[in-house]
Amino acid sequence: MTSIVLDPRSPKNTRTLYAGLFMEGVYKSTDDGKTWTLKRNGLGHTLNIRVSRVILHKDGTLFAMICAMRPAQGKPLMSEGVGLYRSRDGAETWKQVNVSQIFLYPKDFTVHPEDSNTILVGACDTSWEDKSGGLYRTQDGGKTWRRIGREGRQTFGGYFHPKRDGWIYMTLTEGAPGAGLWLTRDNGQTWEAFDDLPFSNIQRVSFDPSDDAVMFVTTFGGSVWRGPVVPHEE
């Protein structure tokens, strides 16, 4: 199991939950997790249904990411199934969000807390020759995409600050050439590095709900760290 989310709008004692499972899809429960039903109509491909993350937006839109896969060691990444999917009917049917922008090596995604049409996807280069990795954003539900950040070959993800408009954090992992955490305060026009962090392999970012000047970062092999939301104390 890669992720599980609870629908906060579902009634007590009959809670609705969604769980993503590697190589299986998304399961749904409407009885507090007592029973589960597989929901993968339109999700992924028969050759690849590796669900890496599930997110439920507050407007009821459900998202699931199918991550990269190699058919065999030494073979190129396959295109079948990989990408971001959306369901607007409680996981009964799924549609791919990134049809206009192929991602062969997506790592993570986030959805704007106030607008489910605004989405960030972190993607890696697929080879040493490939330069397609970076942080991508759509503001129209996936019709169009734009790369707003690239500071290395292995971009993990992007994360919206919930209370500071235009603030986005970008994380790098697996051998970042410099800093592993970057901040833009102008929606990706310019970026500034968190140079003082004692590590560069960073994954996800979350924020202290009681103090919007504090955030938490998860690292690969370096535990979880707490610190200010800006690169240098202001």
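Structure above, values below:
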quantity	calculated
Cleavage-rule hits (trypsin sites (Lys or Arg not before Pro)) in the range 43-83: DSSP loop, at most 15 neighbouring Cβ within 10 angstrom	58
Estimated dipole of the range 81-234 in Debye, rounded to 20 [Cβ of Lys and Arg +1, of Asp and Glu -1, Cα centre]	540 debye
Point-to-point label distance, residue 45-residue 199, nm (Cα→Cβ direction, 7 Å offset)	3.4 nm
Vicinal HN-Hα couplings computed from phi for the range 77-83 (Karplus, 6.51 cos²θ - 1.76 cosθ + 1.60; Hz; Gly/Pro x)	4, 8, 8, 4, x, 5, x
Max mean-square fluctuation residue, GNM over the chain, Cα-Cα springs under 10 Å, options 51, 99, 121	99
Relative contact order %, the range 52-181, counting alpha carbon pairs below 8 Å whose residues are six or more apart	16 percent
Within the range 63-105: backbone nitrogen closer than 20 Å to the residue 174 label point (7 Å, Cα to C-beta)	65-85, 102-105
Violating pairs (Cα-Cα greater than 20 angstrom) within the set 39/95; 28/95; 75/143; 12/58; 75/131	75/143
Sequence-distant residues sharing a close amide H with residue 150 (under 5 Å, placed H)	135
Karplus-derived 3J(HN,Hα), 6.51/-1.76/1.60, for each residue of the range 28-43, Hz, glycine and proline x	10, 10, 10, 9, 6, x, 5, 10, 9, 10, 6, 10, 9, 5, x, 9
Over the chain, relative contact order from alpha-carbon pairs under 8 Å, at least 6 apart, %	10 percent
Calculated FRET efficiency for the pair residue 206/residue 31, C-beta based, R₀ 22 Å, to 0.05	0.15
Viscosity 1.306 mPa s, temperature 10 °C, Stokes-Einstein D of the chain from Kirkwood C-alpha radius, µm²/s	87 µm²/s
FRET efficiency for residue 23 and residue 226, using Cβ-Cβ distance with R0 set to 30 Å, rounded to 0.05	0.30
Simple label model, 7 Å out from Cα along Cβ direction - residue 14 to residue 185, nm	5.0 nm
Segment residue 164-residue 89, extension gain: residue separation times 0.36 nm, minus the distance between their alpha carbons	23.9 nm
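Every number here is computed from the coordinates shown, using simple stated rules; none is lab data. Note that the coordinates shown come from a computational prediction; the quantities given were computed from them, not determined experimentally. Here the Cβ is made from the backbone with ideal geometry for all residues, glycine too, and neighbour counts use every protein chain on show.
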